[in-house]
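Accompanying notes for the structure given below.
The values are calculated or read from the model by the stated rules, or taken from the named source; none is laboratory data. These numbers were taken from a predicted model, which means no experiment stands behind them. Cβ: placed from backbone, ideal geometry, glycine included. Neighbour counts: every protein chain shown. Each accessible area value is taken on the protein alone, full model and side chains, heavy atoms only, with ligands, DNA and RNA left out. Shrake-Rupley method; radii C 1.70, N 1.55, O 1.52, S 1.80 Å.
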Amino acid sequence: MNRWLAQGLVGELADLHVDSRETSAAEAYRSRSRLDFLNRLTGDIRRPGFAMVIAETDHLVGCAFGFPVRSDGFWWLGFDGALPQSIEQLTAAGGVFAITSILVQPHPQDQDVARRLQERLLSDHQASLGATLVDPDDHPALASLRSWGWLDVGEVWRPVGTTMFRALVFPLGKRTTARLTGLARDAWTRWPG
């Protein structure tokens, strides 16, 4: 799905965002509001190469979206420490695709739907490496991504509010996996500076 089709679904996507969030009292203050989500989606839609895949039955049940990481490495701005050379090389070669959101309505099979959406988005773009940034307090998202094979490679600090995210990558294909061997490490350590 391209940016034009995604723009036609913004209301349904915002509803999906709200439906996909667990709203326990302890987490309610941390979750993004509908307006924050719409602002982020609007920004992502404007990025060159934006793409989205959706899952639907008689209604929208899930989506994943993102964009190609520019070869200048801007995506990694704020990475704490030295970015691993293999990731730098894949970024410079245009082989990295950033997944900025995966949304799925709560359902017993939601993990499988979410995993299949992210795999489809990455394979459709012939990416060698998937990349994503996750709030370190979003333990369910981190656990899900790690269980699907995403590797935790460090921290990225964004200037807005000095926000820290966990940076995760997903190697696609044997050759990329071999290049990234040894990157998985404890989630609480940092790369040497």
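Among the candidates ALA98, ALA64, the residue that is in contact with a strand residue (DSSP E or B) (Cβ under 6 Å, 6 or more places away or on another chain), of a type outside the set (D, E, K, R), under 15 Å from GLY130 (Cβ atoms) and modelled with pLDDT under 90 is uniquely ALA64. For the criterion of being assigned to a loop (DSSP other than H, G, I, E, B) and at pLDDT below 90, GLN111 fails. Taking the condition part of a loop (DSSP other than H, G, I, E, B) and either within 13 Å of the chain's Cα centre (by Cα) or under 20 Å from LEU172 (Cα atoms) (or both), does GLN118 pass? No. Report whether or not GLN89 is assigned to a helix (DSSP H, G or I), open to solvent by 70 Å² or more (accessible area, probe 1.4 Å) and either touching a Gly at 6+ places or on another chain (Cβ under 8 Å) or at pLDDT 90 or above (or both). When the stated conditions are applied, GLN89 passes them.
When GLY73 is tested against (1) farther than 29 Å from ASP19 by Cα; (2) exposed (fewer than 14 other Cβ atoms within 10 Å of the Cβ); (3) without any contact (Cβ under 8 Å) to a residue 40 or more places away in the chain, just one condition goes unmet, and that condition is (2). Filtered by the rule that a residue be open to solvent by 30 Å² or more (accessible area, probe 1.4 Å), of a type in the set (Val, Ile, Thr) and at pLDDT 60 or above, the range 140-185 gives VAL160, THR162, THR163. Taking (1) at pLDDT below 85; (2) open to solvent by 50 Å² or more (accessible area, probe 1.4 Å); (3) assigned to a strand (DSSP E or B) in turn, ILE54 satisfies each apart from (1). Taken across the range 101-115, residues that are open to solvent by 20 Å² or more (accessible area, probe 1.4 Å) and closer than 20 Å to PRO48 by Cβ do not occur at all. The number of residues in the range 57-70 that are under 22 Å from LEU151 (Cβ atoms) and either open to solvent by 20 Å² or more (accessible area, probe 1.4 Å) or part of a strand (DSSP E or B) (or both) comes to 6.
The number of residues in the range 11-44 being surrounded by fewer than 18 Cβ atoms within 10 Å (Cβ to Cβ), modelled with pLDDT of 70 or more and not small (Gly, Ala, Ser) comes to 11. Annotation: of all residues in the range 133-169 being touching a residue at least 60 places away in the same chain (Cβ under 8 Å) and under 12 Å from the mean Cα position of the chain (by Cα), the one that is nearest to VAL53 (Cα to Cα) is VAL169. Filtering the range 71-86 to residues that are outside any helix (DSSP H, G or I) and of a type outside the set (A, V, I, L, M) leaves SER71, ASP72, GLY73, GLY78, PHE79, ASP80, GLY81, PRO84.
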